[in-house]
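Remarks on the structure that follows.
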Amino acid sequence: MSTIGAVIVSRNDNYGGNLVERAIYSLNSAIETYDEVILVDYNSRDKTLFEEVESYLIMSGKLKVFKVTNEQHKQYIESFSGAQPCNEVLGRNIGIRRATADFIISTNIDEIQPPRRYIENFEHKDKMLTVARHGTTVDHIKSIGEYHEIDKIRDYLISHEYSQAWAVTREPWSLVEWPGDFQMAHKDLWYHIRGYDEWLLGAGIHDSHIHRKVKEMGGDVILSYDIPIYHLDHNKKNDYGENCVGNSNACLYGKYVGQLNSKDWGYPDDSFKEFRI
């Protein structure tokens, strides 16, 4: 049977409020579901988010944490004004390049991940799977179960109805709102497309553009409304009051710009401090 891993990017800046609580539930659900969980702690100023949550996590040997320092971040984005301080495209690619699973899921720090049975039969090597997420809150999750009671929480969520993301019709690539909360593909496909576009260093669009990239490079994208993933809703501010520019959506229209990532996408030769539990 194929192995499945997840890549998650984080930063210890309390993005969205209640970040620590959201992260604990999210990481524990990932640990319960996947064979491997890669957490990229990107550009935390002091203590990593992993260090904040470590004592509450399920000990499994599955979790690998890679720390991207402030200095490395500055080096990576020096030619781009207004880059995300927790840079999603760079963090995701760094994680994907270090994942070893057959199938790799790029997801976020505020998702309750689905039970294994909903994804274990996905075996397409030339297709990317994205999911229409459901929405809830961390306070609601806390009312259902404790940090380690993932099965209890997921059983409850699956047995009740929650609002769900809707289809996108304004352009042909995204398929659904918030497509980046869960994007699954075989490792060979991630390497074929060279991950997320590292010129999209601002906020947004990269998770839609990668759908276009997959299709333009000979693959396909599948959308599922049946895989139960639950987003813990939040605001879009962090404790530092930092700002970044938004990526232009022009890359979703007109002529495809082509492959702009080098063979060194995801900085495969760079060293990062690593934690494992």
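Throughout, read-outs are computed from the coordinates displayed, never taken from laboratory work. What you see is a predicted model; the values in this text were computed from it and never measured. A quick note on method: Cβ atoms are made from the backbone with ideal geometry, for glycine too, and the neighbour counts reach across all protein chains shown.
Kindly list the residues of region 243-277 that lie in the label zone of residue 71, defined by a backbone N under 20 Å from the point 7 Å along the Cα-to-C-beta vector. The answer is 267-275, whose backbone nitrogens lie closer than 20 Å to the label point. Each of 234, 205, 39 was placed along the dipole of region 4-276 (beta-carbon charges, centred on the mean Cα), and the one lying farthest toward the positive end is 205.
The modelled label-to-label distance for the pair residue 102/residue 177, using points 7 Å beyond Cα in the direction of Cβ, is 3.6 nm.
Determine the dipole magnitude for region 52-116: charges of +1 sit on the beta-carbon of Lys and Arg, -1 on that of Asp and Glu, nothing else is charged, the reference point is the Cα centre, and the result goes in debye to the nearest 20.
Charge dipole, region 52-116, about its Cα centre: 280 debye, nearest 20.
Note on region 166-277: along the principal axes its Cα atoms extend 40, 36, 31 Å, ordered by decreasing extent.
Count Lys and Arg as plus one, Asp and Glu as minus one, and take only other residues whose Cβ is under 15 Å from that of residue 249; the net charge is then 0. For the peptides 178-186, 159-167, 134-142, the ranking by mean Cβ contacts within 10 Å, running from highest to lowest, is 178-186, 134-142, 159-167. Less than 20 Å from a label point 7 Å out along the Cα-to-Cβ axis of residue 79: which backbone N atoms in region 185-213 qualify, by residue? Residues passing the 20 Å test: 194-203, 206.
A simple rule links phi to the HN-Hα coupling: the Karplus curve 6.51 cos²θ - 1.76 cosθ + 1.60 with θ = phi - 60°, which for region 138-143 gives 5, 5, 5, 4, 4, 6 Hz, with x for Gly and Pro.
Each Lys and Arg adds +1 at its Cβ and each Asp and Glu adds -1 at its Cβ; summed about the Cα centre, region 163-205 shows a dipole of about 60 debye. Just name one of 5, 25, 271: the one whose Cα is farthest towards the positive end of the charge dipole of region 4-276 (beta-carbon charges, Lys/Arg +1, Asp/Glu -1). Towards the positive end, the residue furthest out is 271.
Let me spell out the model: positive unit charges on the Cβ of Lys and Arg, negative unit charges on the Cβ of Asp and Glu, origin at the Cα centre of the chain. What dipole size does that give, in debye rounded to 20? Intermediate values should be presented prior to the final figure.
Working: 31 positive and 42 negative charges, 112 e Å.
So the magnitude is around 540 debye.
Give 74/127; 64/187; 187/255; 67/263; 64/215; 74/125 a once-over and call out the pairs whose C-alpha atoms are over 29 Å from each other. Pairs exceeding the cut-off: 74/127; 64/215; 74/125. Spin-label model, residue 116 to residue 149: label points 7 Å out along the Cα-to-beta-carbon direction sit 2.3 nm apart.
Computed from the C-alpha gyration tensor, the three semi-axes of the ellipsoid equivalent to region 4-276 are 26, 23, 18 Å, from longest to shortest.
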